[in-house]
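What follows is a short report on a single structure.
The values are calculated or read from the model by the stated rules, or taken from the named source; none is laboratory data. Since this is a predicted model, take the numbers as computed values, not measurements. As a convention, Cβ positions derive from the backbone with ideal geometry for all residues, glycine included, and neighbour counts pool all protein chains shown.
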Amino acid sequence: MNDVRGEQGEGPGCSDAFHSGYVAICGYPNAGKSTLLNAILEQKLAIVTPKPQTTRHRTLGILTNERCQMIFIDTPGILDPRYDLQAAMMKQVGKSIADADVILYLADVRHPRLAPGVVVASRNKPTIILLNKADLLKRVEDALPIIEELRQQGEFVDFFAISALRGRGVHGMLGRVESLLPPGPHLYPADQLTEHPERFFVGELIREAIFDLFRQEVPYSTEVEVIEFRESEGKADHIEAIIYVESESQRGILIGKGGQAIKRLGSKARVSIEEFLSRPVFLGIKVKVMPNWRRDKRALRRFGY
């Protein structure tokens, strides 16, 4: 599948001077933001599940080449917040857009819609619209009328029809991002992939397993806290984590009859963590109740929101 572009050409790319900057990846839930970040970095950094609102924290991924350093920020899906946790997530989206040098806005090509805040932001900083999941179209050219319609709604610098899942159109989009970055030095070491510690990703991978294995409201009522992360030379890393839920019934669901559910969860999460760390781990998980933590500002601060 070729790119369908709103502008002709690939863009000039970076000049001889080195360029660097922040690129916010934003959009409504399930638009494919985390999948795009993983495609850009060509490895799994952000957790991905079919359920909306999987991403809660800003996840930073760094791509460096001989011309540029692009710092991508994967953000939570845009929504109208119903409780304090979601309000904190939306603050992260707003901060990411405010801090960005370039905005990438993802929309599902099958039912594209623009977030009002991004339309406003496009007046002040370069914004690229990415019509994701274009591999589901009968013909890639079918995206052209959508592009023309969206063009009338904001001051966007370019449009791409892509498939983040299959990596199609991503390379051309990155070339356009390079052309929009300001001149600047390396902001991170050239070999650094992210600023988050391994402990952060361990908690995220446990949350991913929860989203994959449990249904309805349970995944959204959980938070993971890694309380111990001990590396041992020649032995498996020792990791202890607590999953917080809001009610005893949710705790019972996560543990399951005879502890079978928590065993299945631990096994699934351990495999993902070992793959991410490239070394064996021992993973211990406990489940505790913290009533209404999603509406408790002190609890949210404790969890890093």
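Tabulated values for the structure
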{"read-out": "Condition check for PRO116: buried (at least 23 other Cβ atoms within 10 Å of the Cβ) and closer than 30 Å to ASP296 by Cβ", "value": "no"}
{"read-out": "Single match in GLU223, GLU208, GLU204, GLU155 (criterion: of a type in the set (D, E, K, R), touching a residue at least 24 places away in the same chain (Cβ under 8 Å) and in the same structural domain as MET90 (by TED's automatic domain parsing))", "value": "GLU155"}
{"read-out": "Residue, surrounded by the most Cβ atoms within 10 Å (Cβ to Cβ), within the range 226-272, restricted to residues that are among the charged types (D, E, K, R) and closer than 24 Å to ARG294 by Cα", "value": "GLU246"}
{"read-out": "Answer residue from the range 128-146, given it is touching a residue at least 60 places away in the same chain (Cβ under 8 Å) and surrounded by fewer than 21 Cβ atoms within 10 Å (Cβ to Cβ) and is nearest to LEU187 (Cα to Cα) among those", "value": "ASP135"}
{"read-out": "Residue check, GLY94 in the same structural domain as ARG176 (by TED's automatic domain parsing) and under 18 Å from SER34 (Cα atoms)", "value": "yes"}
{"read-out": "Qualifying residue in the range 221-235 (condition: part of a helix (DSSP H, G or I) and within 24 Å of the chain's Cα centre (by Cα))", "value": "yes"}
{"read-out": "Residue among ALA190, ALA164, ALA209 that alone is on the phi < 0 side of the Ramachandran plot and either surrounded by fewer than 13 Cβ atoms within 10 Å (Cβ to Cβ) or of a type in the set (Lys, Arg) (or both)", "value": "ALA190"}
{"read-out": "Checking HIS171 against (1) touching a residue at least 60 places away in the same chain (Cβ under 8 Å); (2) not assigned by TED's automatic domain parsing to the domain that holds TRP293, the condition it does not meet", "value": "(1)"}
{"read-out": "Residue ranges of helices (runs of 4 or more DSSP H) in the range 29-127 with at least 2 members more than 20 Å from VAL202 (Cα to Cα) and without any contact (Cβ under 8 Å) to a residue 40 or more places away in the chain", "value": "84-99, 116-121"}
{"read-out": "ARG168, sole failed condition from (1) of a type outside the set (A, V, I, L, M); (2) closer than 25 Å to LYS91 by Cα; (3) within 19 Å of the chain's Cα centre (by Cα)", "value": "(2)"}
